[in-house]
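K.L.:
My questions all concern the structure below.
The values are calculated or read from the model by the stated rules, or taken from the named source; none is laboratory data. Here the structure is a predicted model, which is why all the values come from computation and not from measurement. Please note: Cβ atoms are built from the backbone with ideal geometry, for glycine as well, and neighbour counts cover all protein chains shown. Surface areas here come from the heavy atoms of the whole protein model, side chains and all, with no ligands, DNA or RNA. Shrake-Rupley method; radii C 1.70, N 1.55, O 1.52, S 1.80 Å.
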Amino acid sequence: MVALLLLLLVPACGGPQSALDPAGLEAERIGSFFLFMVLGAATIWALLMGTAILAILRRPGRHTERFANTLIIGGGVIFPTIGLAALLTVGLRSLPDWSGSPADLRIHVHGEQFWWRVAYERGDERIVSANEIHLPAGEPVEFVLTTADVIHSFWMPAIGGKMDMMPGRVNRLILTPTTPGIYRGACAEFCGPSHALMAFAIVVHPPGEFDDWLVAETSPASNSAETEGRRLFLANGCAACHRIGGIVELGEVGPDLTHVGSRRTLAAGTAPMSRQALTDWITDPQALKPGAGMPAYTMLPEEEILAIADFLLSLE
Amino acid sequence: MTIRLRHLVHVLAALVVTCAAVFWSGIISISASSGHWTITDLILHTAMRRSVIFHARNVTVPPDLEHPGLVRRGAAHFESGCAPCHGSPVRPRSTVPQEMTPPPPPLAPVIGQWEPQHLFWIVKHGVKFTGMPAWPALSRDDEVWAITAFLLAMPEMDGATYTALAYGAAEPPARGAGGLSLVTRPPLENCVRCHDHEGKGDPNGAFPRLDIQTEIYLRKALEAYHRGQRASGIMESMVAPLTEAETTALAAHYARKAPDAPAPVDPASLPPDILRRGKEIAQIGIPERNVASCLGCHGPKTGRPEFPQIHGQYREYIEIQLNLFVSGTRSSGADFEHLMSMATHALDPADIEAVAAWFASRPPSADN
């Protein structure tokens, strides 16, 4: 019965945000290390419990001093020393060598309350984006992790990590995703009222397709038509904080919106991207995400907000 | 006989009963016509003096109280708000307030008895048991300092200078009128005293220019003052008597009168690093401190008509308003003001100086 109930927990080991279902070299390494540790710990636990039960069940009898010494020194000193030394050796050997970077793609991720500022750097190119991480399968990627305000932690369980983002420091992380697919990452260090709403989608592209994506992301906004939504976006001062490449490049306080329509989630994983979610968000961000830096626009008529939402969704 | 405790208790009780009887009988006259006894006057005045000195002990005096813009701002309000009771360099006190007890004193002879921080405190908080009211907008220390600056300059001021400061381009009232009669003037005549016929404001930055603003912005600003949502002791008291129709007419009068006026400050007269810093903040803001780009809303060609034009506005006015936004004083007036408090809250005084200087050095017709 207990075993059956435990079995029910097994499906939770998979899914887009699981370190037990690895999709990257480092996550695989951590995964197999974890498996080895669990099996090893289970074995040692079983041995210990077996010995203890044996000692309780057996009639007390006399043992030679030699036997007792062997048991105590062997089981209490030699085995843990060798076991821990072996673990340390394996652990140290599995530390990655980051003295040089094999990656020619660097992704700068800057934690903010409560979203992710992302910039892709390859050669001389630097492409600004936000709240979504795109990766090429089979290629090492260097993450440069910084924070704007408090301690955040950048974690993509299926790919690898995590690594803290510390104020005043630059932390590095080199990961190699292996399996194309869509995963989920999250902030893993409590950072404020909306810490739980600080997540992101991870898209691992099959080899070759990543370059197409990067070209698309580099290009200016896809919709350059002079729509009413665009006029309202500019007239209401959205551009004081949000950049849209090719249309308006002024403020940089909030997330870059050049390709916001193609993102899977809104407000760093707070809601799936949709017209309704976007409208709710613009009207009153605090209602969806307490502590968010964006002001409410409850004073705008609903049709203006809808027009702005439609304009943003058209930016793919 | 020995005085025992119960004797004292009896005397005390008799005293309390007598006092209550006197208090309740109404025998004490509160008539203003009888004035105070000399001893009452002395006690009240000393208490007032000691209290002002005590409570003003932590007030910091700003360094530039001689600034002509500050003196002018104070003079214009003094004429409508203070002169009716206290008199002015051109006009003695009206007769009605002189019958108050205590009578409001003519100020020129007494100003020298106070330090600037004491004058500030009295103007800001008023004085209990006298007719002296508190400042209508307690969050506007800048305005109270303007009055203080004028008070300090007043004892030496001649009548012609005073009239020029208090009336600007407007026609001063005929001899014998003035004071309380200001409320019966056509509203525009009072606007003109500070903002000029054409809305040019004051070149020393005492008053903002209105000739670059849209009609809807001006109307909404007047309405916000009228409803008490935008704090200003000066503007709230000027706008209070206006009818809706008058508000609309005034906004229409000043709207976009001179959209092509030249910049009030010559960019060449400003240090290049201030100009560069101001331009940078205006264009991209300060992203690392969550300060938004000014031009995102205040680009003249794109922003809503509710947003004020600040290209070509006086730097003193921009600085004051930014300080009000940063301190959170100005945050709930018109529909869009909360955007400004969020966009500017991390600006420091050097940023404010730079960005105000840059905007003041731009012609109002500038594209961005």
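K.L.:
How big is the Kirkwood radius of the stretch B:68-254, worked out from every pair of different alpha carbons and given in Å to one decimal?
P.N.:
17.0
K.L.:
Percent of alpha carbon pairs in chain A separated by more than 27 Å?
P.N.:
54
K.L.:
Give me the percent relative contact order of chain B, please, defined on Cα pairs under 8 angstrom at least 6 residues apart.
P.N.:
So the answer I get is 15 percent.
K.L.:
May I pose another question? What longest region of chain B stays clear of GluC sites (Glu not before Pro) that DSSP places outside H, G, I, E and B and that have at most 15 other Cβ atoms within 10 Å?
P.N.:
Value returned for the longest uninterrupted segment is B:100-368.
K.L.:
Based on the alpha-carbon gyration tensor of the stretch A:105-218, what equivalent-ellipsoid semi-axes (square roots of 5 times the eigenvalues) come out, in whole Å, largest first?
P.N.:
Over the Cα atoms of the stretch A:105-218, the ellipsoid semi-axes are 23, 15, 12 Å.
K.L.:
Rounded, prolate or oblate: pick one for the stretch A:26-179, where a ≥ b ≥ c are the square roots of the eigenvalues of its C-alpha gyration tensor, a/c under 1.5 means rounded, and failing that, prolate if a/b is larger than b/c, else oblate.
P.N.:
Taking the square roots of the gyration eigenvalues as a ≥ b ≥ c, the stretch A:26-179 is prolate.
K.L.:
How would you classify the stretch A:172-223 from its alpha-carbon gyration tensor, with a ≥ b ≥ c the square roots of the eigenvalues: rounded for a/c under 1.5, else prolate if a/b is greater than b/c, otherwise oblate?
P.N.:
Since a/c reaches 1.5 but b/c is at least a/b, the shape of the stretch A:172-223 is classed as oblate.
K.L.:
Could you give the distance between the Cα centres of the stretch B:212-255 and the stretch B:316-368, to the whole Å?
P.N.:
20
K.L.:
Which lysines have a Cα less than 21 Å from the Cα of residue A:162, not counting those fewer than 8 places away in the same chain?
P.N.:
Hits, sequence-local ones excluded: zero.
K.L.:
Using Cα springs under 10 Å in a Gaussian network model of chain A, which residue among A:146, A:227, A:43 shows the largest mean-square fluctuation?
P.N.:
Per the Cα network of chain A with a 10 Å cutoff, A:43 tops the list.
K.L.:
On a straight-distance basis, which lysines could pair with residue B:257 in a cross-link, Cα separation under 28 angstrom, same-chain partners fewer than 8 positions away excluded?
P.N.:
Result set, ordered by chain and number: B:200, B:220, B:279, B:301.
K.L.:
I need the chymotrypsin sites (Phe, Trp or Tyr not before Pro) found in the stretch B:50-133, filtered to DSSP loop residues with at most 12 other beta carbons within 10 Å of theirs.
P.N.:
B:129
K.L.:
Please arrange B:265, A:141, A:170 by accessible surface area, largest first, computed with a 1.4 Å probe and ligands excluded.
P.N.:
Correct descending sequence by accessible area is A:170, B:265, A:141.
K.L.:
For the stretch A:140-201 and the stretch A:121-138, write down the distance between their C-alpha centroids in whole Å.
P.N.:
The two parts, judged by their Cα centres, are 14 Å apart.
K.L.:
So, one more: Could you tell me how far the Cα centroid of the stretch B:78-103 sits from the Cα centroid of the stretch A:87-113, in Å?
P.N.:
Comparing the Cα centres of the stretch A:87-113 and the stretch B:78-103, I get a distance of 78 Å.
K.L.:
Using the heavy atoms of the protein chains and a 1.4 angstrom probe, tell me the accessible area per residue for the stretch B:320-368 in square angstrom.
P.N.:
Accessible surface, normalised per residue, equals 37 Å².
K.L.:
Along the Cα→Cβ direction, 7 angstrom out, place labels at residue A:52 and residue B:245. What is the inter-label distance in nm?
P.N.:
A separation of 9.4 nm, rounded to one decimal place.
K.L.:
Please report the accessible area of residue A:155 (heavy atoms, 1.4 Å probe, ligands and nucleic acids excluded) in Å², nearest 10.
P.N.:
80
K.L.:
Report the GluC sites (Glu not before Pro) located in the stretch A:164-229 that are in a DSSP loop and have at most 11 other Cβ atoms inside 10 Å of their Cβ, or state none. Kindly include the intermediate steps, with their values, before the conclusion.
P.N.:
Details: sites: A:189, A:209, A:217, A:226, A:228; in loops: A:189, A:226.
Here the sparse-neighbourhood loop sites are A:226.
K.L.:
Still on this structure, I have one more. Counting only other chains, what is the mean number of Cβ atoms within 10 angstrom of the Cβ of each residue in peptide B:133-143? Display every interim value, and only then the final one.
P.N.:
Numbers: counts 0, 0, 0, 0, 0, 0, 0, 0, 0, 0, 0.
Averaged over the peptide's residues, the number is 0.
K.L.:
Please average, across the residues of A:248-258, the number of beta carbons from any other chain that are within 10 Å of each residue's own beta carbon, and give a whole number.
P.N.:
Taking the mean over all residues of the peptide, I get 5.
K.L.:
Probe radius 1.4 Å, ligands and nucleic acids ignored: give me the carbon and sulfur share of the accessible area of the protein assembly as shown as a rounded percent.
P.N.:
Percent of accessible area from carbon and sulfur atoms in the protein assembly as shown: 63.
K.L.:
Restrict the search to the stretch A:32-89; then list the trypsin sites (Lys or Arg not before Pro) that DSSP places in a loop and that have at most 10 other Cβ atoms within 10 Å of their Cβ.
P.N.:
Working: sites: A:58, A:62, A:66; in loops: A:58, A:62.
Sparse-neighbourhood loop trypsin sites (Lys or Arg not before Pro): A:58, A:62.
K.L.:
Sticking with this one: Work out how much length residue B:28 to residue B:365 would gain on full extension: take 0.36 nm times their residue separation and subtract the Cα-Cα distance, in nm to one decimal.
P.N.:
Gain in length upon complete extension: 114.5 nm.
K.L.:
Here's a follow-up. With labels modelled as points extended 7 Å from the Cα through the Cβ direction, what inter-label distance (nm, one decimal) is found for residue B:46 paired with residue B:108?
P.N.:
3.1
K.L.:
Using a 1.4 Å probe, what is the accessible area per residue for the stretch A:160-316, in Å²?
P.N.:
Values: 6490 Å² over 157 residues.
For the stretch A:160-316, the solvent-accessible area averages 41 Å² per residue.
K.L.:
Checking an interface number: how much accessible area is buried between A and B, summed over both chains, with a 1.4 Å probe, in Å² rounded to 100? Display every interim value, and only then the final one.
P.N.:
Numbers: alone 17470 and 19770 Å², together 35740 Å².
Summed over both sides, the interface buries about 1500 Å².
K.L.:
What does the charge count around residue A:131 come to, taking other residues whose C-beta lies under 11 Å from its C-beta (Lys +1, Arg +1, Asp -1, Glu -1)?
P.N.:
Details: positive: A:117, A:263, A:264; negative: A:112, A:132, A:256.
So the environment of residue A:131 carries a net charge of 0.
K.L.:
Sticking with this structure for a sec: For chain B, what class follows from the C-alpha gyration tensor (a ≥ b ≥ c being the square roots of its eigenvalues): rounded when a/c is under 1.5, otherwise prolate if a/b is larger than b/c, else oblate?
P.N.:
Note, shape of chain B comes out prolate.
K.L.:
Can I ask one more? Using a 1.4 angstrom probe and counting only protein chains, how large is the accessible area of residue A:299 in Å², to 10?
P.N.:
Surface open to solvent at residue A:299 totals about 40 Å².
K.L.:
Which residue fluctuates the most in chain B, going by a Gaussian network model with Cα springs under 10 Å, if the choices are B:209, B:193, B:50?
P.N.:
In the Gaussian network model the winner is B:50.
K.L.:
Where does each of B:320, A:72 land when they are ordered by accessible area, with a 1.4 Å probe and the largest first?
P.N.:
Ranked list, largest accessible area first: A:72, B:320.
K.L.:
Rg to Rh ratio, the protein assembly as shown, alpha-carbon atoms and Kirkwood radius? Before the final figure, lay out each step's value.
P.N.:
Values: Rg = 36.9 Å, Rh = 31.5 Å.
Reported Rg/Rh, Kirkwood definition of Rh: 1.17.
K.L.:
Okay, next question. What residue among A:35, A:135, A:48 shows peak mean-square fluctuation when chain A is described by a Gaussian network model with Cα springs under 10 Å?
P.N.:
Of A:35, A:135, A:48, the Gaussian network model singles out A:48 as fluctuating most.
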